[in-house]
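What follows is a short report on a single structure.
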Amino acid sequence: MGEQGVDETILEVQGVHTFIGQHHILQGISFDAKADAVTVLIGRNGAGKSTALKTVIGLLPSSKGKIIYKGKEIQKNRPFEIARMGIGFVPENMGIFSELTVEENMRVAMLVENEATARRLDRTLEMFADLKKFWKAKAGNLSGGQKQMLAIARAIVNDTSLLLIDEPSKGLAPIIVDAVIDAINRIKEHSVVVLVEQNFYMASSVGDYFFILDDGMVAHAGHVEALIQDEALQSKYLGISEAEE
Amino acid sequence: MAESILRRWNQELTIAGAIVLLLLPLIGIQPKTYLTLTIAGIAMGMLLFLVASGVSIIFGLMDVLNFAHGALFAWGAYVGFTVFKYLMKWVVADSVLQNLAVFFIAIVAAMVAVALLGVVLERVIVRRVYGNHLFQILITFGATIVLVELIRVFWGPNDETMTVPLTFAGNWDIMDVIVYRYRVICIVIGAMVYAVLQLILKKTKLGTIVRAGVEDRDMVQAMGHNIYLLFTGVFAVGAGLAALGGLAMSIFSLQVYPDMGGTYLLFAFIVVIIGGLGSVTGSLVGALIVGLTYNYVAYLVPWAAAGVNILIMIIILLIRPTGLFAAGK
Ligand SMILES: Nc1ncnc2c1ncn2[C@@H]1O[C@H](COP(=O)(O)OP(=O)(O)OP(=O)(O)O)[C@@H](O)[C@H]1O
Ligand SMILES: [Mg+2]
């Protein structure tokens, strides 16, 4: 966790290229995540946001560039090694094990089962009361919002310093989006977050810094407050006019 | 809730249908013969289950089609054959204890030796072709040729006779129904393996991680679990089960021969396609279906015995392409 100072950078992605099959998806992308902040990656469909997160966690290999986490290059590490360094991942499809119960989903997520984990589990279940309610139920039967809660809960039950969350608002009703925003605002207190988000309302509610991705490269970056002011930029890359209040 | 009522109704209908199908052969078979055939069918099913469960879990977790499973089956039989050869005194001794001991030693030796072989196979060969089914088929087929040739080198090219430990030979006559002892042993072994597998998969953390991996390998990795170690472990367990199946089958059929894996591998694939790839319970149910039908049909219409299971497989593929059970169950 970032006790050392506000400006400390926990993750630095430097000129990373990623291919999926023959396709050159990330074309020298650079962004970073500062301690004690939420960094939002925004951009059109197909811009490469999910690819960027998958490259950081190691599920997609980068062909060029560096990924530096806590001062250490991790671009050659395998996903389980990267996860064990304290990076949690919530994928776009949530990655719920639907044949397993909610409890089993949480158990698979817990890397060490000690007192500290038990305490984090309590804290997590207090945050997402529905999970407690459906503790023994098959995860596949949860609602979309509950699944998203489970996906986030699995990622924060470990001692993570960095969370990568891919579009948690996708397909959720506005009231549930508010619950997710609350959750992320609380997670922010103990972990750095990199959030992929198309929902501008959500991005602006939780984000501190933003990076706009376009065609596998970063087109713009800055403070989220500046983005809120800049309607030209919003309409160019986000195509939004009716951002909810 | 209409859906769940429908589902329950559907389930009851399936069970009722299964019972009717199971009793159907009674039309053409005398009840006592029917019982003997049923026990034979369940015994054969249990042996097929040992081979099929490995194929199924390996495919479910690793997405690997392992054609070398048949060769591992044969290796298990030959390792057991060697143990029997050196401890033949115990095999033929009129002592339940010595018979059981040599059987147990043969099982452990076959399973451990072939599990190690499985580790080598996974590390050296299979690991290189993850994600590519065509290469998997070609390369594991190649491995089969090598493994079978090695059997010829170590044990010779000819059929060898397998001896049944004395206690397991012969039969009981229970109210005029002939019950072969060894078939009962096979049923007990199969049931025990199923129970242990279920216990591990459902009750331990490792088993839960394996079931999670069957659903989403990437997610399990991204949660910090060493999926490669898991792959090797599961491959070794699958190989060990194939070895147990091979040993048990060789005692059943009283022989070992280098090519013995081929036939049973075909049966195993039929079983997993019927039961559903990736499901242990599916493998058990599929294996019992195949074992029972084979025995009933072989008695009634001998020439159709081999074909009928392929027919069942095709029918199931048409109604339920994913097999009877979902992966991970
Ligand atoms: N498996 C794949 N094979 C080929 N191309 C892929 C694959 N996965 C993604 N792509 C391509 O990579 C590009 C970036 O995809 P990515 O999922 O990273 O976009 P995204 O910014 O997350 O989009 P969205 O907002 O729709 O989630 C897209 O053009 C997509 O078509
Ligand atoms: Mg995406």
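The values are calculated or read from the model by the stated rules, or taken from the named source; none is laboratory data. As the structure is a computational prediction, the values presented were derived from the model and not from experiment. Don't worry about glycine lacking a Cβ; one is built from the backbone with ideal geometry, like all the others, and counts go over all protein chains shown.
Which of the residues spanning the stretch A:152-191 are in a loop (DSSP other than H, G, I, E, B), of a type in the set (S, T, N, Q) and more than 16 Å from ligand 1 (Cβ to nearest atom)?
Narrowing the stretch A:152-191 to residues in a loop (DSSP other than H, G, I, E, B): A:157-161, A:167-173, A:188-191.
Adding the requirement that they be of a type in the set (S, T, N, Q) leaves A:158, A:160-161, A:169, A:191.
Residues satisfying the conditions are A:ASN158, A:THR160, A:SER161, A:SER191.
For the stretch A:114-139, the set of residues classified as within 14 Å of chain B (Cβ to nearest Cβ) and surrounded by 12 or more Cβ atoms within 10 Å (Cβ to Cβ) consists of A:THR117, A:ALA137, A:LYS138, A:ALA139, listed by residue number.
Out of the residues in the stretch B:298-329 meeting the condition of being more than 14 Å from chain A (Cβ to nearest Cβ) and crowded, with 21+ Cβ neighbours inside 10 Å, tell me which one is farthest from B:LEU22 (Cα to Cα). Looking at residues that are more than 14 Å from chain A (Cβ to nearest Cβ) and crowded, with 21+ Cβ neighbours inside 10 Å, I get B:GLY323. In the set (1) at pLDDT below 95; (2) closer than 20 Å to B:ALA236 by Cβ; (3) among the aromatic types (Phe, Trp, Tyr), B:TRP90 fails one condition alone, (2).
Residues in the stretch B:118-140 that are under 29 Å from B:ILE189 (Cβ atoms) and touching a Phe, Trp or Tyr at 6+ places or on another chain (Cβ under 6 Å): B:GLY118, B:GLU122, B:THR140.
With respect to A:TYR201, is the statement that it is more than 16 Å from ligand 2 (Cβ to nearest atom), within 27 Å of A:GLN27 (Cα to Cα) and either at pLDDT 85 or above or within 14 Å of chain B (Cβ to nearest Cβ) (or both) true? No. Total residues in the stretch B:288-308 satisfying the condition of being free of Cβ contacts under 8 Å to residues at least 60 places away in the same chain and out of contact with any Phe, Trp or Tyr (no Cβ under 6 Å at 6 or more places or on another chain): the figure is 9.
Would you be able to tell me the number of residues in the stretch A:6-59 that are within 14 Å of chain B (Cβ to nearest Cβ), surrounded by fewer than 16 Cβ atoms within 10 Å (Cβ to Cβ) and within 16 Å of ligand 2 (Cβ to nearest atom)?
Initial filter on the stretch A:6-59 (within 14 Å of chain B (Cβ to nearest Cβ)): A:20-21, A:50-51, A:53-59.
Among the residues that remain, those that are also surrounded by fewer than 16 Cβ atoms within 10 Å (Cβ to Cβ) are: A:20-21.
Imposing the further condition that a residue be within 16 Å of ligand 2 (Cβ to nearest atom) reduces the set to A:20.
Of the residues in the stretch A:6-59, 1 are within 14 Å of chain B (Cβ to nearest Cβ), surrounded by fewer than 16 Cβ atoms within 10 Å (Cβ to Cβ) and within 16 Å of ligand 2 (Cβ to nearest atom).
Can you spot a residue in the stretch B:298-309 that is within 17 Å of the chain's Cα centre (by Cα) and not in a loop (DSSP other than H, G, I, E, B)? Taking every residue of the stretch B:298-309 in turn, at least one turns out to be within 17 Å of the chain's Cα centre (by Cα) and not in a loop (DSSP other than H, G, I, E, B). Condition check: more than 16 Å from ligand 1 (Cβ to nearest atom), touching a residue at least 40 places away in the same chain (Cβ under 8 Å) and assigned to a helix (DSSP H, G or I). Does A:MET149 satisfy that? When the stated conditions are applied, A:MET149 does not pass them.
Of these, B:ALA195, B:ALA222, B:ALA212, B:ALA191, which one is modelled with pLDDT of 95 or more and either under 12 Å from B:ILE57 (Cβ atoms) or crowded, with 21+ Cβ neighbours inside 10 Å (or both)?
Numbers: B:ALA195 fails: either under 12 Å from B:ILE57 (Cβ atoms) or crowded, with 21+ Cβ neighbours inside 10 Å (or both); B:ALA212 fails: modelled with pLDDT of 95 or more; B:ALA191 fails: either under 12 Å from B:ILE57 (Cβ atoms) or crowded, with 21+ Cβ neighbours inside 10 Å (or both).
None of the other options fit; the residue is B:ALA222.
Can you tell me how many residues in the stretch A:60-82 are within 11 Å of another protein chain (Cβ to nearest Cβ), touching a helix residue (DSSP H, G or I) at 6+ places or on another chain (Cβ under 7 Å) and either touching a residue at least 60 places away in the same chain (Cβ under 8 Å) or farther than 21 Å from A:SER191 by Cα (or both)?
In the first step, residues of the stretch A:60-82 are kept if they are within 11 Å of another protein chain (Cβ to nearest Cβ); the result is A:60, A:78-82.
Keeping just the survivors that are touching a helix residue (DSSP H, G or I) at 6+ places or on another chain (Cβ under 7 Å) gives A:60, A:79-80, A:82.
If we keep only those that are either touching a residue at least 60 places away in the same chain (Cβ under 8 Å) or farther than 21 Å from A:SER191 by Cα (or both) as well, we get A:60.
So the count comes out to 1.
The set of residues in the stretch A:95-113 being more than 9 Å from every other protein chain (Cβ to nearest Cβ) and either of a type in the set (Asp, Glu) or buried (at least 18 other Cβ atoms within 10 Å of the Cβ) (or both) consists of A:THR101, A:VAL102, A:GLU103, A:MET106. Looking only at residues in the stretch A:90-108 that are of a type in the set (D, E, K, R) and within 13 Å of A:PHE134 (Cβ to Cβ), the one that is farthest from ligand 2 (Cβ to nearest atom) is A:GLU103. Can A:ARG120 be described as in contact (Cβ under 8 Å) with a residue 12 or more places away in the chain and of a type in the set (Lys, Arg)? Here the answer is yes, as A:ARG120 does meet what is asked. Here B:LEU197 does not fit the description of being in contact with a helix residue (DSSP H, G or I) (Cβ under 9 Å, 6 or more places away or on another chain) and over 30 Å from A:GLU113 (Cα atoms).
For the stretch B:176-287, please list each of the helices (runs of 4 or more DSSP H) lying entirely inside it that holds at least 2 residues being more than 14 Å from chain A (Cβ to nearest Cβ), of a type outside the set (Val, Ile, Thr) and in contact (Cβ under 8 Å) with a residue 24 or more places away in the chain. Don't jump to the end; show me each part of the working.
Working: elements: B:181-203, B:205-215, B:217-222, B:227-253, B:261-275.
Answer list for the stretch B:176-287: B:181-203, B:227-253, B:261-275.
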